[in-house]
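**Student:** Sharing a structure here in structure tokens format.
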């Protein structure tokens, strides 16, 4: 008989089995460097494994609790990663058992949201996850790189990113692009995240007072491609300095690329938009692990003039399902169980997640044919509370 186990520090043998499973499932070589990084991640996470009737690990996943910033408010998020099952054990409900254990742990930890990178969007929708994060990839030929105005003040210096992780985190957290669902990077995560990429290079921007005001992370493919990995600044001058630094590489590379977590298109920033190839690509999913707790901490853009009754369906996590009364007063939301028979909005948890997190509006859901029930007047009132300038942005990977 199978059982799910939350690994403790003393379960080293089972952890070793899980690491071997990860190497196999993700087709990665087992080596000391990869093992060390996985052990660092495991030490800051909950590791769940599923054992067969002989006590051997057949499936597992990691849940890492990380703070995220939503419109200036910090919430705890459970990042699900390294979901793995041996092929001969697939199709037996292992992932469902593991996800149930993970969500139960999130309830204990006070986690309101969960993110994951899906191998299949359809597969993870069964657990309440929905697509809310996209990326935009920009590609520009070196010959088309625009001529930029020369900077008159400040400077750009190259540096080792491992020496500037804390300063980078401060710049990142001050940038508005990190405040639409981005991870508020703790020291250990900042080090872990960037230490996995040995080819990363760093350029720092300093203002005329020699104060750090931006950074550029990049990689170079010899002779072919200059890849912007992350560009974060606190001033327009810093943005200009770092763009000028990028442009100084046009003679050495055929093209420049940038995969951005900002879903708002920036083609019009170039003098000739036809010259940039722009691709929108799906990125990550999110699920709400606790609707009442999330909405009590959420940033609403307007108050509700009257309470709205929601009937939320959730086939995987029954704690979210039911009839609820939502009030928003003085920017403070409250979701309480309701026994009323009059329901203003009937909606699935996944679709509600897309609207609350700002990925889609109710009108966009209607246009796409999503099945939910509500009057136009109710949707108008609710949407007024959830009008965000920018869509969700995520710059990290789990």
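Each reported figure results from applying straightforward, stated rules to the coordinates on display, with no laboratory input. Keep in mind the model is a prediction, meaning the values are calculated, not measured. Quick reminder, even Gly has a Cβ in these numbers, built from the backbone with ideal geometry, and neighbours come from all protein chains shown.
**Student:** Where in the range 268-299 is the amide nitrogen less than 13 Å from a point lying 7 Å along the Cα-to-Cβ axis of residue 137?
**Tutor:** 277-283
**Student:** Along each principal axis of its Cα atoms, how long is the range 25-72 end to end? Whole angstroms, biggest number first, please.
**Tutor:** 48, 28, 19
**Student:** 222 nm [θ] for the chain, helices only, -39500 (n - 2.57) per DSSP H run of 4+, per residue, to 500?
**Tutor:** Counting only the DSSP helices, I get -8000 deg cm²/dmol.
**Student:** A further question on this structure: Pop the C-beta distance of residue 383 and residue 336 into the FRET formula with R0 = 25 Å and round what comes out to the nearest 0.05.
**Tutor:** The computed FRET efficiency comes out at 0.70.
**Student:** Once the piece of chain linking residue 54 and residue 277 is laid out straight, how much longer is it, given 0.36 nm per residue of separation minus the C-alpha distance between them?
**Tutor:** 74.9 nm
**Student:** Just the Cα atoms of the range 290-384: what Rg and Dmax do they give in Å?
**Tutor:** Values for the range 290-384 (Cα only, Rg and Dmax): 12.3, 33 Å.
**Student:** What number, in percent, do you get for the relative contact order of the chain if the mean sequence gap of Cα pairs under 8 Å and at least 6 apart is divided by its residue count?
**Tutor:** Normalised by residue count, the contact order of the chain is 18 percent.
**Student:** Residue 20 to residue 221: FRET efficiency via 1/(1 + (r/R0)^6), r the Cβ-Cβ distance, R0 30 Å, to the nearest 0.05?
**Tutor:** Efficiency for this residue pair is about 0.40.
**Student:** Any idea how far the Cα center of the range 1-53 sits from the one of the range 96-114, in Å?
**Tutor:** If we compute the Cα centre of each part, the gap is 18 Å.
**Student:** Against the empirical 2.2 N^0.38 Å scaling, what ratio does the C-alpha Rg of the chain come to?
**Tutor:** The reported ratio for this selection is 1.08.
**Student:** Could you tell me the convex hull volume per residue, in Å³, taken over the Cα atoms of the range 136-283?
**Tutor:** 117 Å³
**Student:** Please report the Cα spread of the range 12-153 along all three principal axes, rounded to whole Å, starting with the longest.
**Tutor:** 69, 37, 31 Å, listed from the longest principal axis down.
**Student:** To continue, here is another question. Taking 0.36 nm per residue of sequence separation and subtracting the Cα-Cα distance, how much length would be gained by fully extending the chain between residue 199 and residue 174, in nm to one decimal?
**Tutor:** Here the segment from residue 199 to residue 174 would lengthen by 6.4 nm.
**Student:** Take residue 159 and residue 371, extend 7 Å from each Cα along the Cα→Cβ direction, and tell me the distance between the two endpoints in nm.
**Tutor:** 5.6 nm
**Student:** For residue 34 and residue 13 in one chain, what is 0.36 nm times their gap in residues minus the Cα-Cα distance, to one decimal in nm?
**Tutor:** 5.8 nm
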